[in-house]
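Just so it is clear, none of the values below were taken in a lab; they were calculated from the coordinates. Everything quoted here is computed from the prediction, not taken from an experiment. Counting neighbours? That spans all protein chains shown, and the Cβs are built from the backbone with ideal geometry, glycine included.
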Amino acid sequence: MSNKPTIHISEVGPRDGLQSVKATMPTADKCCWISALAVAGLREIEVGSFVPAHVLPQMADVAEVVRHAITLPGLTVMALVPNRRGAQAALAAGVHKLTLPVSASEAHSLANVRKAREQMVAELRDVIALRNERAPGVPVEVGLSTAFGCTLQGAVTEDDVIRLALACVQAGVDEVGLSDTTGMANPAQVKRLFTRLRAELGARAGAAHMHNTRGLGLANCLAAFDVGVRSFDSSLGGLGGCPYAPGASGNVVTEDLVFMFEAMGVSTGVDMSKLISAREPLNAGLPGEPVYGMTPEAGLPKGWVQAPLSV
């Protein structure tokens, strides 16, 4: 048994990434990409969102993608659902985990899901009731969008974030994380807000979902790690953003995140070489789409050997 610290990485590229680009990746390519991510050792993948096809045509095949993903051994298949109807479809397709978009900013909430924050908490209660009735073993998580600032509203107070996180827990969710949807966070702010979240929610405090819009994505992940966060969202090739938050580009690059932690002696369970190879089906399915990442561009350092992956 290894005494190395370990972290959990949730790959969000097939949902957060693909919904943010104009082109639609063919279903076969999506399935090939998700398989490559699983082979690299990623154990949780957000494979799509159950929203109406006219809203996000990129997600029209989500049920088919889920049907493929749930055949991959050892993989937790997660999907985003905006409401009870989406949750119903996701559970029918066989997802292992649901995530809901609740925004800390009222302006972003209205733009993103056309509902006020309190209405989304009510929607959350409906989804929890459905989960309890249909699939009690399926966890429900919330990543609080725009927790560190909003391009539409501006500043979002930390008290608002914590209040909303508590409301989500009271509604019955299993976990609440914090999302820097607009890439406005800085490491001091991340430490402060995650420290408060963990003090208030304990074991229900969830993942750090950071964007690299202003180049601080990895620094913010490290700041979250330093105050005890052990779960992180990221996207292969840095694909993604938010179509309802102007200027919100760039999820943290999975390859750079894995490299940083592995180089620090923190186990991710992900094979670095296989992870870089997973860019090939991404590039094949979205030819010409820009992908990012310093580690894949520079290559692994000479003599760099990844420690054995813990099982």
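For the range 165-311, the antiparallel share of DSSP beta bridges with both residues in that region comes to about 25%. Once Rg and the Kirkwood radius are both taken over the C-alpha atoms of the range 1-138, their ratio Rg/Rh works out to 0.99.
Altogether, the Stokes-Einstein calculation at 10 °C and 1.306 mPa s, with the Kirkwood radius of the chain over Cα pairs as Rh, returns a diffusion coefficient of 83 µm²/s.
Helix-only arithmetic for the chain: the sum of -39500 (n - 2.57) across DSSP H runs with n ≥ 4, divided by the residue total, places the mean residue ellipticity at 222 nm at -12000 deg cm²/dmol.
Order 234-240, 152-158 from most to least packed using the mean count of other Cβ atoms within 10 Å. Working shown, then result.
Numbers: 234-240: 27.1, 152-158: 15.3.
By packing density, highest mean first, the sequence is 234-240, 152-158.
Structural descriptor for the range 8-298: relative contact order 20 percent, calculated from alpha carbon pairs under 8 angstrom and at least 6 residues apart.
Taking the DSSP beta bridges with both ends in the chain, the antiparallel portion is around 10 percent. Of 24, 181, the sequence from fewest to most neighbouring Cβ atoms within 10 angstrom is 24, 181. Between residue 219 and residue 85, full extension at 0.36 nm per residue minus the direct alpha carbon distance yields a gain of 44.5 nm. The convex hull of the Cα atoms of the range 100-193, projected and averaged over all directions, covers 5.8 nm².
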